[in-house]
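This report concerns only the one structure given below.
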Amino acid sequence: MSMNETLNEKSYSSDISMDMNREFVWQNFLRIRWENSPVYGAANSGEVVIEPVNFDMLNYLFMRTGTYLILFGGVWSKETQNVIDQVNFYARKYGVERVYLFDFSADGTAEATIKQDITAHEYYVGPGKKEANPFAVYNYLYGEMVTRHLTNLNSWVCKKIGSGEDITYLNLYRDPVTVPNLTEPFLFLYNKDNTVDNADSGIEADTYPIVWAAELEEDKEGQVDKFFSRIGENNCAVTPYSQADYIREAFAQNGRGHSFKTEDAFREDEQINLEAVSFQVYYWLLQQKGTFLFLLAGPWCANSQAAVATVNDYAVANQVRVYMTDSRLDSKHAIDFWQYPRRNELTMTCPPMRKYFVEIWEDDLPGACVVCFTSRRGRSVQPTLSYQDETGQDHTVLRVGIPYCFAYDRDHCDANGAAPVLASFQNEAIELINISDKFVYHDPLYRELKAASYKVFYAYQADLGKKMTDITIDRTAPIVEGEMPKHVETVAYYKAHDWYQEPEDPEAVHLCTI
């Protein structure tokens, strides 16, 4: 990874007072720190208002009513590194509490970006073919996001449609669609209902969701200052949207449209101590000194829907955060909201990312208890995952199901040596839906989930020398008679193209799912 992999000797924890999303920005964007930027730098991570978000949370922002400030860029980008201190400084100056940071790179390297043209697709055989990039198959995630939400992007970028530097992706029906190609760092104010064409494009449209934007390759003539001055001059109030807001909304009843549920995971007034982190933040956290609570889960997963409320109950009772990362890096968003088929999902186990998945379980989570499964819904599932390193050596680990909750201390040792995973549980059998006789709030399944959660939180507290607090809330409920679960997925009608050559093995581009 291009991010700073040097182990930080500062000791962290999942204490509620720490926000590791912002700590990640503080540690990995060096110019944001005062000692590296005396004019614009922050004194500590508490003065950082830039918050990394995952793909799912970004798209929830795009769907919401309100005004949001978003920065596209990453640790790998020298240009982003050079201006992020100013973005943070002026955001604080103008009273902006959150700037949402999203990186199109899955693993934090310049090569791993989903901002790829189809000419870099392995099976593209037409004119202008580029060297194949394994992430080109996921370019529809960028393209569809622009097509659906950033509809006036062309007015704000240099690499416009028709410039020769635009991006073409394959849509739901495998038709080529061309969109503008933004250049990071890209800072913009977003409101899906904005009706003012501030770019003076002359294009008639109902809305102009990008209110203002700036490509900040270099801070020419104080671009960042001018950008924020516009916000102040026009009294643009940035809408608050917290991690708790996202978690509550993402785990709401039938919000994903993939199953019949009887109730929301969280009440409107309920405190939420879960915090979603991107793969990059998750990977970085595993290298840090300290004790943490992690939850591998996603809002698309019925089993995760079942477990999150109880995990959160223990987090609230013990005043800690649980850092939740989605094994599907695109959070199944394209399937749940855009009706894409289950094809080429960007997951921790897909070919370009698999090496990181295997290395994490080999190097960071050795000996972690994994209940391996061999089938799901009648389909055969490979119980192990492997990759071959540069020397030709094979590395193989057990495949893990979700939700997977664990307490972690990279420096912890037991009688057998290092044992960073203090305790864990994997819950694959319990769903927050009517399915057979398994219902998460139905005794004794609820008791089993509470016992498993208690074990993990007890191990976390014991590692820090703290007392464990049990929960008093009781979520027991009877099985509700009613509609059976629905698992409806849209299969697109694929159109053939003379420049696209399907692989001989149809599974070659059908990537593994967790």
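Listing for the model above:
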{"read-out": "Burial ranking of peptide ranges 128-134, 41-47, 297-303 (average Cβ count within 10 Å, highest at the top)", "value": "297-303, 41-47, 128-134"}
{"read-out": "E359, E97, E79, reordered so the largest accessible area comes first (probe 1.4 Å)", "value": "E97, E79, E359"}
{"read-out": "Cα-centred dipole magnitude for region 2-127, charges only on beta-carbon of K, R (+1) and D, E (-1), debye, nearest 20", "value": "480"}
{"read-out": "Relative contact order for region 158-215, counting Cα pairs under 8 Å that sit 6 or more residues apart, in percent", "value": "30"}
{"read-out": "For region 114-166, projected area of the alpha-carbon convex hull averaged over all directions, nm²", "value": "3.8"}
{"read-out": "q = 0.13, 0.15 Å⁻¹: log10 I(q)/I(0) that the Debye formula gives for region 216-336, counting C-alpha atoms only", "value": "-0.67, -0.80"}
{"read-out": "For region 156-240, with +1 on Lys and Arg beta carbons and -1 on Asp and Glu, the positive-most of F228, V177, G164 along the dipole", "value": "V177"}
{"read-out": "Protection proxy ranking of 236-243, 274-281 - average other beta-carbon atoms within 10 Å, highest first", "value": "274-281, 236-243"}
{"read-out": "Value of Rg to Rh for region 101-216 (Rh from inverse mean 1/r over Cα pairs, i.e. Kirkwood)", "value": "0.98"}
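The values are calculated or read from the model by the stated rules, or taken from the named source; none is laboratory data. Because the structure is predicted, anything quoted here is derived from the model rather than measured. Because the Cβ atoms are built from the backbone with ideal geometry, glycine has one as well, and the counts that use them run over all protein chains shown. The area values use the complete protein model at the heavy-atom level, side chains included, leaving out ligands, DNA and RNA. Shrake-Rupley method; radii C 1.70, N 1.55, O 1.52, S 1.80 Å.
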